[in-house]
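The values are calculated or read from the model by the stated rules, or taken from the named source; none is laboratory data. Nothing here was measured: the structure is a model prediction, and the numbers come from that model. As a convention, Cβ positions derive from the backbone with ideal geometry for all residues, glycine included, and neighbour counts pool all protein chains shown.
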Amino acid sequence: MPKLKQVLYAPNQLTLLRLIFIPFVIVSIVVEEYGTAFALVLVAGISDGLDGLLARRLGQQTDLGRYLDPIADKLLLTSSFLVLGLERRIPLWVVILVLSRDIIILVTALVMVLTTSVRDFRPSLYGKINTVGQVATVLATLLLLLYPRAALLWLQEGSIYTTAIFTVVSGLHYAFATAERLRRLERTP
């Protein structure tokens, strides 16, 4: 029962809230309720930073939270990028770049779990920056859809290119870090 109790911890509740938001964000974008989608993504972005802070401050860091938090982030951002891409609100090339990186990382992590003793896949600083960039891209896109202004178009384009750069940088960093972990694993008796 102690593991089940972890679901009730405030940080994990915030993470679960992000998961619950996903269908509402998707529907809001599809039916062009961009204000609702913006508010949900903004609250989700704030809760992402808040859940980690609360977990540390309240001493409620759990295995559930360690696994669920990045899953919630990826599902929310991936679905947002996918829907905005299909709606032609974000260029498809950046959607493909973001999704490809995430799929490659997911498959690599799965292979490592199945074939090695590695179970710890903490995000790097580059991965965290990439997540912030992706949230900013979704928010800037929704804001532009709400208020079509030249300044917001510049903001959206800037966030798209920033996301693209950090998607590549974080993907390369992950690849090199993973290769190094595997080399160290081979050298360990």
Among (1) surrounded by fewer than 16 Cβ atoms within 10 Å (Cβ to Cβ); (2) under 30 Å from residue 184 (Cα atoms); (3) within 17 Å of the chain's Cα centre (by Cα), the one test that residue 96 misses: (2)
Of all residues making up the stretch 107-125, the number that are of a type outside the set (Val, Ile, Thr) and surrounded by 13 or more Cβ atoms within 10 Å (Cβ to Cβ): 5
Scan of the stretch 1-31 for residues that are part of a loop (DSSP other than H, G, I, E, B) and modelled with pLDDT of 95 or more, ordered by number: 31
Residue 66 being among the charged types (D, E, K, R), surrounded by fewer than 13 Cβ atoms within 10 Å (Cβ to Cβ) and out of contact with any Cys (no Cβ under 6 Å at 6 or more places or on another chain): no
Some residue of the stretch 72-87 being crowded, with 18+ Cβ neighbours inside 10 Å, over 17 Å from residue 170 (Cα atoms) and among the polar types (S, T, N, Q): yes
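Are any of the residues in the stretch 156-169 touching a helix residue (DSSP H, G or I) at 6+ places or on another chain (Cβ under 6 Å), β-branched (Val, Ile, Thr) and either surrounded by fewer than 15 Cβ atoms within 10 Å (Cβ to Cβ) or over 18 Å from residue 84 (Cβ atoms) (or both)?
Restricting attention to the stretch 156-169, the residues satisfying the condition of being touching a helix residue (DSSP H, G or I) at 6+ places or on another chain (Cβ under 6 Å) are 156, 159-160, 162-164, 166-167, 169.
Still in the running and β-branched (Val, Ile, Thr): 160, 162-163, 167, 169.
With either surrounded by fewer than 15 Cβ atoms within 10 Å (Cβ to Cβ) or over 18 Å from residue 84 (Cβ atoms) (or both) added as a condition, the list becomes 169.
Checked the stretch 156-169: at least one residue is touching a helix residue (DSSP H, G or I) at 6+ places or on another chain (Cβ under 6 Å), β-branched (Val, Ile, Thr) and either surrounded by fewer than 15 Cβ atoms within 10 Å (Cβ to Cβ) or over 18 Å from residue 84 (Cβ atoms) (or both).
Taking the stretch 74-94 as the search range and keeping residues that are closer than 21 Å to residue 20 by Cα and of a type outside the set (S, T, N, Q), which one is modelled with the lowest pLDDT?
Taking the stretch 74-94 first, the residues closer than 21 Å to residue 20 by Cα are 74-84.
Within this subset, residues satisfying the condition of being of a type outside the set (S, T, N, Q) are 74-77, 81-84.
On the way: 74: 90, 75: 93, 76: 95, 77: 94, 81: 97, 82: 96, 83: 97, 84: 97.
The qualifying residue modelled with the lowest pLDDT is 74.
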